[in-house]
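The values are calculated or read from the model by the stated rules, or taken from the named source; none is laboratory data. For clarity, every value in this text was computed on a predicted model and none was experimentally measured. Backbone-built Cβ (ideal geometry, glycine too); neighbour counts: all protein chains shown. Only protein heavy atoms, including side chains, enter the accessible area calculation; ligands, DNA and RNA are left aside. Shrake-Rupley method; radii C 1.70, N 1.55, O 1.52, S 1.80 Å.
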Amino acid sequence: MNFKIPFVPEQASTMARDVDQLTFFLVGMAVFFTVLIAVMVLYFALRYRRRAADQVGSSFDHSTLLEVTWTVIPLLIVLFTFGWGAKVYFRLYRPPADAVQYYVTGKQWMWKAQHPTGQREINELHVPVGQPTRLLMTSEDVIHSFFVPAFRTKADVVPGRYTSLWFTPTKPGRYHLFCTEYCGAEHSRMIGWVTVQEPEEHQRWLASVPVQTAPAVAGGELYARLACGNCHREEPGLAGPPLHGLFGREVELADGRTVRADEQYLRESILRPGAKVVAGYQPVMPSYQSQVTEENVLALIDYIKSLEGVAR
Amino acid sequence: MSSEAMAAERPNYLNATTGLKSWLLTLDHKRIGILYLLGVSAFFVLGGIFAMLIRLELVTPAGDLVQPDAYNRLFTSHGVLMVFFFLIPAIPGVLGNFLIPIMIGTKDLAFPRLNLLSWYLFMAGGTMALGGIIAGGVDTGWTFYTPYSSTYTMTAVIPVGLGVFVNGFSGILTGLNFMVTIHRMRAPGMTWFRLPLFVWSHYATSLIQVLGTPVLAITLVLLVFERAFHIGVFDPTRGGDPVFFQHLFWFYSHPAVYIMILPSMAVISELIAAFARKRIFGYHAVAFASIGIAVLGFLVWGHHMFVSGQSVYAGTAFSLLTMLVAIPSAIKVFNWSFTLYQGSVSFQTPMLYALGFIGLFMIGGLTGVFLGTLGFDVHVHDTYFVVAHFHYVMVGGTIMGYLGGLHYWWPKITGKLYPEFWGKISALLVFVGFNLTFFPQFLLGYMGMPRRYHAYPEEWQVLNVLSSAGASILGLGFVLPVLYFAWSLKKGPLAGRNPWGARGLEWETDSPPPTLNFDEPPVMNHEVYPYADGEPGSTSGMKPASAH
Ligand SMILES: [Cu+2]
Ligand SMILES: [Cu+2]
């Protein structure tokens, strides 16, 4: 599609076209019903307008056939709409397995982003075209929401937990980034740009930015500084379980439940270790709530993810 | 004419007693209705002024008229006052109070003292909220999302929250009062299926008020405690969950949308029957649709959290349930439209409002289906699309019904006629102004303009200017009725008992009605809306439309 449809923002991700198609269907449905009712109401109102002051209406006041019709047909239509919407929704929130992961932290009133290769940006995010991109996000204070209209996706950014969204950009360009969850005084200035670049251009851009330590490396340094290794090493036998090969695995808890070791779980294990205690261990791990920032936690998680090893 | 003049001199609820005290301590449901009229009008004017300032700020892309802090206070105050102190109480408080006892043929509500207490709670809550707005302002949005409202904002969340809390009890008590009245005090012969649809819809509203408002109360208490004593339920640094607040808040506030729209639907059913001179098509379906909306409305709150990180399966369930609410609404719209078929349709002001309501509510409802559609909602959530949608439902729906009802029953309430010509002009201005204000916001939303933005990118200016221009027309449309209603009190011609040739017990008593509503307790010995010729109750020699 080369011409620009009025009032439809640029389609710059693989999902944009899907969402717009759904929109066109919805608009078509709405126009159909609006015209149907408008014509019906106007026609009846004029055709049966009052011609004499004492005139009254007829006694035709129900029809089971009509009423069943206008119950069942709308029902079928909304069920169809629901199904289509759900299909698009699942795709919007299920990142492809090969998505490259970036970290985004929202705070009053800026967006901080970190590349897997270590580059940091504020209120900007540079990504190569065609790369499935996943953002793992959290907030340092209140709830924000990460929204790029050209990608037709958004997700709230919530303190105390991770949320994520993904997109595969299809077109180089600069696209608006908005905070869409009201977050205080400067909410409308918590905006920025997502810049989609050709791969070579992106490589040049990456090289031009002063490289900082990649999150996994920074996490390793933190791990050493905070002496996590006193209790967690590759070989078992210490106070804490080995963290090697932990990410993505099912963990058995002391209370009998099992949980999957995803980012949310790792985060909680570091900040509130008592909440979910691993089976076979004492709850002796101290909370690091007051010693680490959100970015530190992300770095630690990235480091733990990089620890490959034998499954316990 | 002479009999009408005599009627006006007879004792009625307005001239039965005099003096300020006789009003402030009245137990008469009709006078309490008037007290509500004064109260909600005051809050509407304030909320409207805030709205005009918002639209004025948004004429230019830069945030140049007011500072961001002031802007955030403006839209919060607009939302809090309009939702809790105008839209929710307006129709039940004014028209419901005035009409329900008369329509079911009794002399008052079941608990007149409780009714007066409801009004005082409403005024007390409103005053507290207003006090907070004036003293410190509040900048959380009417949704009070945590942890911003509980931990971060420095503004007057507690007084405003408590104001809304107190006002909630007014709604609960009114709902209780209506329900008991409708169950226990119907005139002889007034069976459930002879109740005007106005009463059915208010019954459904009361159900939500009584069941839903306590949850709002709990939510607000938790919020106040969190703010004052840091109990930590919503604070992630203490192991709380800020999104939990959203669940609680919308568990009430989604049904609250139906607290606002069901009474308006109540009015519309009466208007369409009266101005088509025909029984509402599918009376039973319309009555049960009200109850269906009330019940289903409690099961859909999660559609406000499709992007908040809740599981995709929860999102799916809430989406499906949301779709189902569309069905009773669609049934109503079809039934109203079909009532016109073989009717005797006239186009007086109340009918213009009713027809306008159908148009606006339909767009509001259909865009509700859009938003319930998961894949679509992710893109437009928290954008102007949502703002446009809920204004179509709440302003296009509730205010159209409220104004239509006020015009229709004005002769009954005051005994005077308002000028029809100006009434029609105002209905037209409201309809045109409304669409011009809010339709562009759908487009802005789809293009990505987030709500609650004080400044915005330049490419969106044209649509914003259109919207602000529409708001001025809409404002004019609201000012006109104030002027001619006031004029009619002094100079309006006497209305007589039944100026519209309508059916219903309220038209069988004087205008204004006597304090006890009827000279003799009425008996309902015929079906409801008996317009068609030959039906029992269809008096006064009107003829069916068979001529054409
Ligand atoms: Cu924000
Ligand atoms: Cu809702």
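A compact table of results
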| read-out | value |
| --- | --- |
| Sequence ranges B:430-440, A:279-289, ranked by mean other-Cβ count within 10 angstrom, highest first | B:430-440, A:279-289 |
| Folded to 0 to 90 degrees: helix A:215-225 orientation relative to chain A principal axis, Cα | 40 |
| FRET efficiency, 1/(1 + (r/R0)^6) with R0 35 Å, evaluated for B:Val312 and A:Ile122 via beta carbons | 0.70 |
| Mean separation of Cα contacts under 8 Å (6+ apart) over length of chain A, as relative contact order % | 15 |
| Largest to smallest accessible area among B:Trp192, B:Trp460, B:Trp422 [probe 1.4 Å] | B:Trp422, B:Trp192, B:Trp460 |
| Calculated FRET value between B:Ala187 and B:Tyr120, using beta carbons and R₀ = 35 Å, to 0.05 | 0.75 |
| Distance from segment B:514-531 to segment B:250-311 (C-alpha centre basis), Å | 28 |
| Given charges at Cβ of Lys, Arg, Asp, Glu: segment B:26-547 dipole, positive-most of B:Ile182, B:Pro521, B:Thr373 | B:Pro521 |
| Net dipole in debye of the protein assembly as shown [+1 Lys, Arg Cβ; -1 Asp, Glu Cβ; about Cα centre; nearest 20] | 1720 |
| Chain B, dipole about Cα centre (Lys/Arg Cβ +1, Asp/Glu Cβ -1), debye to the nearest 20 | 940 |
| Simple label model, 7 Å out from Cα along Cβ direction - B:Asn15 to A:Ala254, nm | 8.3 |
| Shielding by partners, peptide A:184-192 (average Cβ within 10 angstrom, other chains) | 6 |
| Cα→Cβ-extended label distance, 7 Å offset, between B:Thr60 and A:Arg47, nm | 5.4 |
| Per-residue mean of C-beta atoms belonging to partner chains within 10 Å, peptide B:341-352 | 5 |
| Those residues of segment B:365-393 for which accessible area with every protein chain present is at least 40 Å² below the isolated value (1.4 Å probe) | B:Leu366, B:Phe370, B:Thr373, B:Leu374, B:Gly375, B:Phe376, B:Val378, B:His379, B:Asp382 |
| Local net charge near B:Trp23, Cβ-Cβ under 12 Å (Lys/Arg +1, Asp/Glu -1) | +2 |
| Cβ-defined net charge surrounding B:Gln67, 14 Å radius [Lys, Arg +1; Asp, Glu -1] | -3 |
| Environment charge at A:Ala12 (Cβ cut-off 11 Å; Lys +1, Arg +1, Asp -1, Glu -1) | +3 |
| Set of aspartates and glutamates near A:Lys87 by C-alpha distance (under 15 Å), chain-local residues within fewer than 8 positions excluded | A:Asp18, A:Asp20, B:Asp377 |
| On Cα atoms only, tilt of A:294-306 relative to the major axis of chain A in degrees | 70 |
| Fraction of accessible area attributable to carbon and sulfur, segment A:125-270 (%, probe 1.4 Å) | 54 |
| Long-range HN-HN contacts of A:Phe147 with modeled amide H, under 5 Å | A:Phe178, A:Thr180 |
| Segment A:215-306 - charge dipole about Cα centre, Lys and Arg +1 at Cβ, Asp and Glu -1, debye rounded to 20 | 140 |
| Heavy-atom accessible surface of chain B: percent carbon and sulfur, 1.4 Å | 72 |
| Linear extension gain, A:Ser63 paired with A:Cys231, 0.36 nm per residue minus alpha-carbon span | 52.8 nm |
| Percent of beta bridges antiparallel (DSSP, segment A:100-208, rounded to nearest 5) | 65 |
| Candidate residues B:Val45, B:Val345: accessible-area rank, largest first, probe 1.4 Å | B:Val45, B:Val345 |
| Contour minus Cα-Cα distance for A:Glu198 and A:Val35 (0.36 nm per residue) | 54.1 nm |
| 20 Å-binned pair-distance histogram of chain B (Cα, whole percent) | 22, 57, 20, 1 |
| Pairs beyond 32 Å (Cα-Cα), from B:Lys21/B:Lys424; B:Lys278/B:Lys412; B:Lys21/B:Lys278; B:Lys21/B:Lys491; A:Lys154/A:Lys276; A:Lys171/A:Lys276 | B:Lys21/B:Lys424; B:Lys21/B:Lys278; A:Lys171/A:Lys276 |
| Chain lengthening between B:Ala455 and B:Glu520 when straightened (0.36 nm per residue, less Cα-Cα) | 17.2 nm |
| Dipole-positive endmost among B:Phe275, A:Val217, A:Thr293 within the protein assembly as shown (Cβ charges, Cα centre) | B:Phe275 |
| Helical mean residue ellipticity (222 nm; -39500 (n - 2.57) per DSSP H run of 4+; nearest 500) of chain A | -11500 deg cm²/dmol |
| Sites A:Phe90 and B:Trp487 - FRET efficiency at Förster radius 51 Å, r taken between beta-carbons, to 0.05 | 0.30 |
| Chain pair B, A: total accessible area buried, heavy atoms, 1.4 Å probe, Å² | 8000 |
| Under the span-like rule (Cα at least 18 Å along the axis, Kyte-Doolittle mean at least 1.6), DSSP H helices of chain B | B:283-296, B:349-372 |
| Helix A:14-47 vs. chain A, principal-axis angle (Cα, 0 to 90°, nearest 10) | 20 |
| B:Phe347 - accessible surface, heavy atoms, 1.4 Å probe, Å² rounded to 10 | 70 |
| Within segment B:488-511, backbone nitrogen closer than 20 Å to the virtual label 7 Å beyond the Cα of B:Phe347 toward Cβ | B:500-501 |
| Under-5 Å amide H pairs with A:Val100, H placed in peptide plane, nonlocal only | A:Thr133, A:Arg134 |
| Residues in segment A:87-119 reached by a label modelled at A:Val209 [backbone nitrogen below 12 Å; 7 Å Cα→Cβ] | A:102-104, A:112-119 |
